[in-house]
Amino acid sequence: MVLVMISALGALLVAGPLALIGHLVEIDILFKLGWWLFLVCWFVLFTMILLNWLNALQGKYDNIQEKDWNEQVW
């Protein structure tokens, strides 16, 4: 889930504005960099969501038990 959040926020807060700025000031390389970074971030996002969904359907997360915060592995 960490990669899902990082890629979604990276696409929306870094790559999107980068592509928009590149388009507005007509710097082609900046626009292309932002566009490709946006596509890569969304590809990672949907790949991780798909993997999480497939693991959930296989029952990988069925036996997760709730623990106190000091017993959790960080």
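No lab work stands behind these numbers, since they all come straight from the coordinates. Given the structure is predicted, the values throughout are model-derived calculations rather than measurements. Every residue, glycine as well, gets a Cβ built from its backbone with ideal geometry; the counts of neighbours run over all protein chains shown.
Here the Karplus relation 6.51 cos²θ - 1.76 cosθ + 1.60, evaluated at θ = phi - 60°, turns the backbone of the stretch 24-34 into coupling constants of 5, 9, 6, 9, 4, 5, 5, 4, 5, 4, x Hz, with x for every Gly and Pro. Per-residue Karplus couplings for the stretch 55-69, computed as 6.51 cos²θ - 1.76 cosθ + 1.60 with θ equal to phi - 60°, are listed in order as 5, 5, 5, 7, x, 5, 9, 6, 9, 6, 10, 6, 10, 5, 4 Hz, Gly and Pro entered as x. Using Cβ counts within 10 Å as a stand-in for footprinting exposure, how do Trp35, Trp69 rank, fewest first? Going from sparsest to densest Cβ surroundings: Trp69, Trp35. Out of these labelled values of semi-axes √(5λ) of the Cα gyration tensor in Å, (1) 23, 18, 12; (2) 36, 15, 6; (3) 41, 12, 5, which was calculated from the coordinates shown here? The value computed from this structure is option (2). Entry note, the stretch 1-46: relative contact order of 48 percent, from Cα contacts under 8 Å with a spacing of 6+ residues.
The distance between label points at Leu57 and Val40 comes to 2.9 nm (points 7 Å beyond Cα on the Cα→Cβ vector). Label separation (Ile64 vs Ile6): 1.8 nm, computed from points 7 Å beyond Cα along the C-beta direction.
In the chain, a dipole from Cβ-located charges (positive for Lys and Arg, negative for Asp and Glu) runs towards its positive end, and of Ile49, Trp36, Val4 it is Trp36 whose Cα lies farthest in that direction.
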